[in-house]
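Data block below; observations after.
The values are calculated or read from the model by the stated rules, or taken from the named source; none is laboratory data. This structure is a prediction, so every number in the text was calculated from the model and none was measured. When we count neighbours, we look across all protein chains shown, and the Cβ atoms used for this are built from the backbone with ideal geometry, even at glycine. SASA here: full protein model, heavy atoms, side chains in, ligands and nucleic acids out. Shrake-Rupley method; radii C 1.70, N 1.55, O 1.52, S 1.80 Å.
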Amino acid sequence: MLKQSSNFRPNGFSLIELMAVLVILSILAATAMPMAQLVAKRGKEQELRHDLRQMRDAIDAYKRAWDEGRITRKVGETGYPPTLDILAKGVEDIRDPKKTKIYFLRRIPTDPMAGKGLVEAESWKTRSYLSPPDEPKSGEDVYDVLSRSEDVGLNGIPYKKW
């Protein structure tokens, strides 16, 4: 006959142990999810800052080229680009004998905060030189570029006012 040991313990986990592990994992997941969303939002905000700075620098470079007489001037123009697209398409350098183009951007970035379906220049709101800063409106030129998003940033300032 076989002797039965009094130290017999079945292999595996009990139901209570499994439930405790699941509760701990769900608590960890619930705390990690908002943190992941915050990190994603912070990344988009950083991309928005970079894109705004890049496009504003390109607008300023266009204005400098206009002031230097490298771009054809017309009476009544402010010297700012007529559209955002012209920054990427380029303009003819009238000082260059070969009439090469001057490019201010490689491409127009898409606003990371804009809604889906809007791409490149469509995703941005533009401000004309003649519009007031507190009520930016589009016009005959592009003096500044703004986000179309109505959301508020982590710093408490709406994206459209960055």
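Annotations for the structure displayed:
- Residue check, Thr78 hydroxyl-bearing (Ser, Thr, Tyr), open to solvent by less than 70 Å² (accessible area, probe 1.4 Å) and either modelled with pLDDT under 90 or in contact with a Phe, Trp or Tyr (Cβ under 7 Å, 6 or more places away or on another chain) (or both): yes
- Criterion: among the basic types (Lys, Arg) and outside any loop (DSSP other than H, G, I, E, B) - qualifying residue of Lys137, Lys125, Lys116, Lys99: Lys125
- Selected residue (only one of Asp151, Asp67 is under 20 Å from Gly43 (Cα atoms), open to solvent by 30 Å² or more (accessible area, probe 1.4 Å) and not polar (S, T, N, Q)): Asp151
- Flag for Arg106 being open to solvent by 60 Å² or more (accessible area, probe 1.4 Å) and free of Cβ contacts under 8 Å to residues at least 24 places away in the same chain: yes
- In segment 58-75, the qualifying residues are those that are at pLDDT 90 or above and among the aliphatic types (A, V, I, L, M), and the one that is nearest to Val142 (Cα to Cα) is Ile59.
- A search for C-beta distances below 7 Å between a residue of segment 110-127 that is touching a residue at least 60 places away in the same chain (Cβ under 8 Å) and of a type outside the set (Ser, Thr, Tyr) and any residue that is open to solvent by 30 Å² or more (accessible area, probe 1.4 Å) and outside any loop (DSSP other than H, G, I, E, B), counting only pairs 6+ apart in sequence or on different chains, returns Pro112/Lys44; Pro112/Glu47; Met113/Lys44.
- From the options Gly76, Gly90, Gly69, residue that is within 25 Å of the chain's Cα centre (by Cα) and either closer than 19 Å to Trp162 by Cα or free of Cβ contacts under 8 Å to residues at least 40 places away in the same chain (or both): Gly90
- Asp93 farther than 24 Å from Gly153 by Cα and either modelled with pLDDT under 95 or loosely packed, with under 13 Cβ neighbours inside 10 Å (or both): yes
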